[in-house]
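What follows is a single structure, written as structure tokens, with notes after it.
The values are calculated or read from the model by the stated rules, or taken from the named source; none is laboratory data. Everything numeric here is computed off the predicted structure, so don't read it as measured data. Cβ placement follows ideal geometry from the backbone for every residue including glycine, while neighbour counts extend to all protein chains displayed. To get the accessible areas, we keep the full protein, side chains included, count just its heavy atoms, and leave off ligands, DNA and RNA. Shrake-Rupley method; radii C 1.70, N 1.55, O 1.52, S 1.80 Å.
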Amino acid sequence: MKSILTLLLFVSLVATSFGQEKRPDNIGVGNYDEFKNNSFDINGQSHKANQDLLTLDKEIKGYAGIINTLDAQKLTKDYNAILGLNKFSKEIAGKISQLDDQGKQMIDGAKDVSPKMKSISAANNTNKSIKALEASRKNLTSMSVLLKEDANLLLTELKKRGEPVEEFVE
């Protein structure tokens, strides 16, 4: 039953994994271009982290039934990769929170961008940037489930072997 649930979770993550959104061109208005670039950089980072996790998760799920025969060094390496991805996802989540507030201000101020011809582009780019941030947030949410599951599996085995390990913090 657990393996069926894991498979369903994996399939749903792959199906709903939010890819890297297409980055719009700069419009030549510094703060709007900077916000857009920061948002799309985060989107790219969250997409790459999600892909890295899916690759690692597939490997870890392949340990089923043979985990006790694997080298502790390999398990520790994978566990440290999980810890690193977890830390990275928390950092990205913090950046997204900072940009959320900024995005609201950018949308409100888009009508005041001059020249007026750039006002529409500023609003469009900001809306696309906000969507990219939302996709990043969804990537992080889906990642948290796998991170916890994989960390628990590896942590349990490493502790059983008496290996010194850092605790996984959600």
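Every helix of 4 or more DSSP H residues in the chain counts as -39500 (n - 2.57), and over all residues that averages to -27500 deg cm²/dmol at 222 nm.
Computed from the C-beta positions of E59 and S114, the FRET efficiency with R₀ = 41 Å rounds to 0.15.
For D57, neighbours were defined as the other residues whose beta-carbon sits under 9 Å from its Cβ, and their charges (Lys and Arg +1, Asp and Glu -1) total -1. Cβ under 12 Å from S144's Cβ, S144 left aside: what net charge do those residues give with Lys, Arg +1 and Asp, Glu -1? Around S144, the charge tally is +1. Counting 0.36 nm for each residue step from E166 to K148 and taking away their Cα separation leaves a gain of 5.1 nm.
Could you tell me which helices of the chain pass both thresholds, a Cα extent of 15 Å or more along their own axis and a mean Kyte-Doolittle hydropathy of at least -1.0, with helices taken as whole DSSP H runs? Helices meeting the span and hydropathy rule in the chain are 2-16, 72-109, 117-160. Rounded, prolate or oblate: which fits the chain, taking a ≥ b ≥ c as square roots of the Cα gyration tensor eigenvalues, rounded meaning a/c under 1.5, else prolate when a/b beats b/c? In terms of gyration-tensor shape, prolate.
Here the range 99-145 and the range 67-98 have alpha carbon centers that stand 29 Å from each other. E170: accessible area at probe 1.4 Å, nearest 10 Å²? That residue has around 140 Å² of solvent-accessible surface. Remark: for residue pairs K77/K138; K36/K95; K58/K128; K87/K131, the C-alpha separation exceeds 21 Å in K77/K138; K58/K128; K87/K131.
Across the options S142, S129, S46, the greatest Cα extent toward the positive end of the charge dipole of the chain (unit charges at beta carbon of Lys, Arg, Asp, Glu) belongs to S129. For the chain, the solvent-accessible area of protein heavy atoms averages 57 Å² per residue (probe radius 1.4 Å; ligands and nucleic acids excluded). Using 0.36 nm per residue and subtracting the Cα-Cα separation, the extra length available between D100 and T76 on full extension is 5.1 nm.
In the chain, the portion of solvent-accessible area held by carbon and sulfur atoms comes to 57 percent [1.4 Å probe, whole percent, DNA, RNA and ligands not counted].
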